[in-house]
Amino acid sequence: MGFPTFWGGVHPPQNKDLTRDKQIEPYLPTGNLTFPMSQHIGAPNAPVVAKGDKVKVGTPLGSADAFVSAPVLSSVSGTVKEVGPRPTVPGTFDTCVVVENDGLYEKDGRWAPLPDYENCDPKEYLARIREAGIVGFGGATFPAAVKFAPPPQDKIKWFIVNGAECEPYLNCDFRLMMEATDEIVKGTALLLRLFPEAEGVIAVENNKPEAIAALSESVARLGAKNVRVQPLTVKYPQGSEKMLIEALTGQEYVVTALPADVGCIVANVRTVQQCWRAIALGEPSTERVVTVTGDAIAEPKNVRIPLGTSIRELVDFCGGFKEAPVKVLAGGPMMGMSMRSLDVPAVKGTSGVLALTARSTMLRRATACLHCGRCVDACPMGLVPSALDSLVLGKEYERFETEGGMNCIECGSCTYVCPACRPLTQSCRDGKSFVMAQRKKRKAAGK
Ligand code: SF4
Ligand code: SF4
């Protein structure tokens, strides 16, 4: 039987077996933890602690006064050791708070369940979701309280819970669907109180039949009204917001718009679970599950870690490297970011650490375009990646914009299929960054 899907896309090898059956293991680091003040799309936090301050699990480290922002909270108890620029996953420096870990993981007493949460005004959920620092854990890290408060004219018909996890190698969402099934279903039902006219759809790619069965059983057992589980065709990037909306509702929407403009709210399974835990249990967003995998890792695992854990310490917990990796990525092989150093902290958007040997990477030199058109067939956004690549290389940024370059979702499909090994996605990323920087400059100059 065919399941809904979208146009374009690719079928990369899944390589999920290394951690598919590995239960989530909790890990509490012993080393210091580092908290970048920007772990979300939007305005960075301003630090509200100084060297020498005592903090506990759940203590705010930064203020998030701007509308599109989310506070950064401590995930550890101890003493602030430093506030200043430190390296982060992309290799850039960001203002960070470093906390000397006292090893006690004492909780900040300010957190408690939202009183009478099943009957209160659901708008109270938004304040709790915001103060708990919850963002989209699928990778986009958009502040959840902003996403869940669309303008009143947007009539929300679909609340889509994203369990597609189409990125190869990663299993953090799959394990969560298997191990926190009821919390995801309860979270979906609870958040539907914000959107009373919407149907809740938990969307899962059809290569995860155990998760589909567990979630379906939970929906039936808990009597979750207006919630259903929808299997999807296995195809990359099915888990991207735009592709999910197209597959589930048959509607197209431009990426420069918001899903709410077409009646949809899309939230990752972990985001929904964390919202439930913040509202029902009074638990702020201080941890996440990370898949540590790849053929260079000694013991691939799914690990629940406090945010701010050093990637090096996390890799050590997984037995370190059994072979020297030629590439270590934060995230999966399609959209992940190459890391220059392991001495950086895991943040809200860190879904995986993927360490690959030369055997499992394609490290060939790029050659000239063969004009084969494969990248065009693969692009789910209907773009011409080969042409966008040429425009960026020729610094023709205006034409890059008019040819739709800003619609690129950086999914990596074009790079994956290119027989000439051209870094097409990187070109689009560079083109988009340049255009965004120009727009910012023009705005600052009042033009
Ligand atoms: S051009 Fe962008 S959206 Fe299209 S396949 Fe390449 S990375 Fe994906
Ligand atoms: S897939 Fe590569 S070689 Fe083929 S048209 Fe696109 S850029 Fe050129």
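The values are calculated or read from the model by the stated rules, or taken from the named source; none is laboratory data. The shown structure was predicted, so the numbers you read here are calculated from the model rather than taken from an experiment. Virtual Cβ from ideal backbone geometry, glycine too; neighbours counted across all protein chains shown. Ligands, DNA and RNA are excluded from the accessible area calculation, which covers all protein heavy atoms including side chains. Shrake-Rupley method; radii C 1.70, N 1.55, O 1.52, S 1.80 Å.
Quote the FRET efficiency, to the nearest 0.05, computed for Lys441 versus Asp154 with a Förster distance R0 of 30 Å and r equal to the Cβ-Cβ distance.
Values: r = 31 Å, r/R0 = 1.04.
That gives a FRET efficiency of 0.45.
Report the equivalent ellipsoid semi-axes for the stretch 56-95 in whole Å, largest first, defined as the square roots of five times the eigenvalues of the gyration tensor built from alpha carbon atoms.
Value: 18, 17, 9 Å, ordered largest first.
Can you find, among Val57, Val97, Ser218, the residue farthest towards the positive end of the dipole of the chain? Put +1 on the C-beta of Lys and Arg, -1 on that of Asp and Glu.
Val97
With a probe of 1.4 Å, find how much accessible area the chain has per residue, and write the answer as a whole number in Å². Don't skip to the end; give the middle numbers.
Numbers: 19360 Å² over 447 residues.
It amounts to 43 Å² per residue over the chain.
Just how much of Ser240 is accessible, in Å², when a 1.4 Å probe is used and the result is rounded to the nearest 10?
About 30 Å², ignoring ligands and nucleic acids.
Please compute, over every Cα-Cα pair in the stretch 76-158, the percentage with a separation greater than 20 angstrom. Let's see the in-between values first.
Details: 2049 of 3403 pairs.
Value for the stretch 76-158 (Cα pairs over 20 Å): 60 percent.
I need the calculated FRET efficiency for the pair Val326 and Thr30, taking r as the beta carbon distance and R₀ as 30 Å, to the nearest 0.05.
Values: r = 29 Å, r/R0 = 0.98.
With a Förster radius of 30 Å, E is 0.55.
Carbon and sulfur together cover what percent of the accessible area of the stretch 107-258 at a 1.4 Å probe radius? Please list the in-between numbers first.
On the way: 3230 of 6070 Å².
In the stretch 107-258, the share of accessible area belonging to carbon and sulfur is 53 percent.
Provide the percentage of antiparallel DSSP beta bridges, counting only those with both residues in the chain; round to the nearest 5. Before the final figure, lay out each step's value.
Details: 34 of 56 bridges.
Just about 60 percent of them are antiparallel.
Just how large is the dipole of the stretch 174-224 about the Cα centre, in debye to the nearest 20, putting +1 at every Lys and Arg Cβ and -1 at every Asp and Glu Cβ? Walk me through the numbers before you get to the answer.
Details: 5 positive and 8 negative charges, 17 e Å.
That gives a dipole near 80 debye.
Please work out how much accessible surface Tyr253 shows to a 1.4 Å probe, ignoring ligands, DNA and RNA, in Å² rounded to 10.
20 Å²
Rank by packing, highest mean first: peptides 211-221, 106-116, with packing defined as the count of other Cβ atoms within 10 Å averaged across residues. Could the numbers behind the result be given before it?
Values: 211-221: 18.5, 106-116: 13.1.
Top of the packing list down: 211-221, 106-116.
If R0 is 25 Å, what FRET efficiency do you get for Leu114 and Leu222 from their C-beta distance, rounded to 0.05? Each step should come with its number before you reach the end.
Numbers: r = 19 Å, r/R0 = 0.77.
So, using R0 = 25 Å, E works out to roughly 0.80.
Could you compute the net charge surrounding Ala247? Neighbours are other residues with a C-beta less than 13 Å from the C-beta of Ala247; K and R count +1, D and E count -1.
Numbers: positive: Lys235, Lys242; negative: Glu205, Glu241, Glu246, Glu252.
Here the count lands on -2.
Please compute the Kirkwood hydrodynamic radius of the chain from all pairs of different C-alpha atoms, in Å with one decimal.
Numbers: mean 1/r = 0.0443 Å⁻¹.
Every distinct Cα pair counted, the radius reaches 22.6 Å.
Just read off the accessible area of Thr402 with the full protein assembly in place, 1.4 Å probe, to the nearest 10 Å².
Thr402 has an accessible surface of roughly 110 Å² with all protein chains in place.
May I ask for the net charge around Pro36, where only other residues with Cβ less than 9 Å from the Cβ of Pro36 are counted and Lys, Arg are +1 while Asp, Glu are -1?
It works out to a net charge of 0.
Treating only the Cβ of Lys, Arg, Asp and Glu as charged (+1, +1, -1, -1), what charge dipole size does the stretch 69-123 show about its Cα centre? Round to the nearest 20 debye.
180 debye
Specify whether the C-alpha gyration tensor of the stretch 280-390 places it in the rounded, prolate or oblate class, a ≥ b ≥ c being the square roots of the eigenvalues: rounded for a/c under 1.5, otherwise prolate if a/b is larger than b/c and oblate if not.
Values: a/c = 2.97, a/b = 1.61, b/c = 1.85.
Since a/c reaches 1.5 but b/c is at least a/b, the shape of the stretch 280-390 is classed as oblate.
Given the DSSP H assignment, sum -39500 (n - 2.57) over each helix run of at least 4 residues in the chain and divide by its residue total; what's the result at 222 nm in deg cm²/dmol, nearest 500?
Details: 13 runs with 116 residues, N = 447.
About -7500 deg cm²/dmol.
Using alpha carbons only, what's the Rg to Rh ratio of the stretch 352-447 with Rh from Kirkwood? Show your work: numbers first, answer last.
On the way: Rg = 15.0 Å, Rh = 14.4 Å.
So for the stretch 352-447, dividing Rg by the Kirkwood Rh gives 1.04.
For Cys379, which sequence-distant residues (separation of 5 or more, or a different chain) have an amide H within less than 5 Å of its own amide H, given hydrogens modelled in the peptide plane?
Close amide H contacts, sequence-distant or interchain: Gly9.
For the stretch 216-293, place one equal point scatterer on every Cα, skip the solvent, and apply the Debye formula. What is log10 of I(q)/I(0) at q = 0.18, 0.19, 0.21, 0.25 Å⁻¹?
For the requested q values the scattering log ratios are -1.05, -1.12, -1.19, -1.20.
Arrange the peptides 118-126, 15-23 so that the one whose residues have, on average, the most other Cβ atoms within 10 Å appears first. Write out the running numbers ahead of the final one.
Values: 118-126: 13.9, 15-23: 17.2.
Averaged packing, sorted descending, gives the order 15-23, 118-126.
Going toward the positive end of the dipole of the chain, with +1 on Lys and Arg Cβ and -1 on Asp and Glu Cβ, which of Leu126, Leu73, Val417 do you reach last?
Val417
When only alpha-carbon atoms count, how far does the stretch 300-359 stretch along each of its three principal axes, as whole angstroms with the largest first?
Sorted largest first, the three principal extents are 32, 25, 20 Å.
What shape does the stretch 165-252 take by its C-alpha gyration tensor, where a ≥ b ≥ c are the square roots of the eigenvalues and a/c under 1.5 counts as rounded, a/b above b/c as prolate, and the rest as oblate?
oblate
With a 1.4 Å probe and all protein chains left in place, how much of the accessible area of the stretch 1-80 comes from carbon and sulfur atoms, in whole percent?
Accessible surface attributable to carbon and sulfur in the stretch 1-80 totals 59 percent.
Charges only on Cβ, +1 for Lys and Arg, -1 for Asp and Glu: so what's the dipole of the chain about the Cα centre, in debye to the nearest 20? Write out the running numbers ahead of the final one.
Values: 50 positive and 48 negative charges, 188 e Å.
In debye, rounded to 20, the chain gives about 900.
If we count every other residue with Cβ under 10 angstrom of Lys322's Cβ, Lys/Arg +1 and Asp/Glu -1, where does the sum land? The partial results should precede the final answer.
Numbers: positive: none; negative: Asp295, Glu299, Glu323.
With Lys, Arg at +1 and Asp, Glu at -1, the net is -3.
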